[in-house]
Amino acid sequence: MKIVGNKVTLKQIDVQDISVLWELTYGEDDPQWKKWDAPYFPFKKMDFDTFFTQTKEKIEKGEDTRRLGIFVGNELIGTVTYYWEFKATKWLEAGIGIYNPSYWNGGYGTEALSLWVDHLFKTLDIPRVGITTWSGNKRMMKAAEKIGMQLEGRMRKCRYYNGEYYDSIRMGVLREEWEALIKAQV
């Protein structure tokens, strides 16, 4: 599967991408991306051999279906993911990680998120796609807003990081809202 945008392409992670993905994710002891992606949770580094074996197995079994790589040309820069908050009610949350800081603030994440949300609505029977972030991650909130997500919930002062409290943020877009946005762009 390949989803092509103007700036990024979303596609399955292949075995040859595993070492690059590990390096982006775990190659540093204190990676820049972790300062934005739930930094209030401790960073749990995984060793390369374990990561390679587990990821390769999932790829070969066709079980790596909830994640696509974000590529600029042939360069892997991050991933998009989804998980079920509560599958029985089709409550799905999406995620995005641009691990390479060279690609921050250039619209790559916004386009990747838009392509991913569109793909999720096209391939899954869901009424809504949401994201969860924290009030310190202004870029994530801005990207979500740009693609049409609305603030759905703000749990105040429940995330603690570097001696300061932040809000937990929930944003989302309903299928009918997404379809209207897509129709308006045509």
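Some notes on this structure:
- For the chain, averaging the sequence separation of C-alpha pairs within contact (under 8 Å, six or more residues apart) and dividing by the residue count gives a relative contact order of 19 percent.
- Looking at the chain, the accessible area is 57 square angstrom per residue; that uses a 1.4 Å probe and ignores ligands, DNA and RNA.
- Cα centre as origin, Lys/Arg/Asp/Glu Cβ charges: the range 106-186 dipole, Debye: 320 debye
- Zone residues, the range 117-132, relative to Phe86, backbone N less than 20 Å from point 7 Å out along Cα-to-Cβ: 125-132
- Contour excess over end-to-end distance, with Cα ends at Glu75 and Ile3 and 0.36 nm allotted per residue: 24.4 nm
- Across the cross-link table entries Lys87/Lys142; Lys56/Lys87; Lys56/Lys183; Lys34/Lys183; Lys2/Lys138, which are compared at the Cα atoms, the separations over 31 Å belong to Lys56/Lys183; Lys34/Lys183.
- Per residue, the chain reaches -10000 deg cm²/dmol at 222 nm when only DSSP H runs of four or more residues are counted, each adding -39500 (n - 2.57).
- With a cut-off of 11 Å between beta carbons, the residues surrounding Leu174 carry a summed charge of -2, where Lys and Arg count +1 and Asp and Glu -1.
- Dipole of the range 46-144, positive direction: furthest Cα of Gly109, Leu76, Phe51, with charges on the beta-carbon: Gly109
- Each residue of the range 17-23 is assigned a 3J(HN,Hα), and the resulting list reads 8, 4, 5, 5, 4, 4, 4 Hz, derived from the Karplus form 6.51 cos²θ - 1.76 cosθ + 1.60 (θ = phi - 60°), x at Gly and Pro.
- Paramagnetic reach from Glu23 (point 7 Å along Cα→Cβ, amide N under 15 Å) across the range 59-83: 72, 74-78
- Inter-site label distance for Gln16 and Met155 at 7 Å from Cα along Cβ, in nm: 4.3 nm
- Note that the range 41-50 has calculated 3J(HN,Hα) couplings of 9, x, 7, 9, 6, 10, 5, 4, 4, 5 Hz, one per residue in order, obtained from phi through the Karplus relation 6.51 cos²θ - 1.76 cosθ + 1.60 (θ = phi - 60°); glycine and proline are x.
- Each label was represented as a point 7 Å from its Cα along the Cα-to-Cβ direction; for Ser102 and Thr50 these points are 3.0 nm apart.
- Proximity of backbone amide H atoms, modeled 1.01 Å from N, is registered between Trp134 and Ile169 at under 5 Å, excluding neighbours fewer than 5 places apart on the same chain.
The values are calculated or read from the model by the stated rules, or taken from the named source; none is laboratory data. The structure presented is a predicted model; accordingly, all values stated were derived computationally and were not measured. Because the Cβ atoms are built from the backbone with ideal geometry, glycine has one as well, and the counts that use them run over all protein chains shown. With ligands, DNA and RNA removed, areas are computed over all heavy atoms of the protein, side chains included. Shrake-Rupley method; radii C 1.70, N 1.55, O 1.52, S 1.80 Å.
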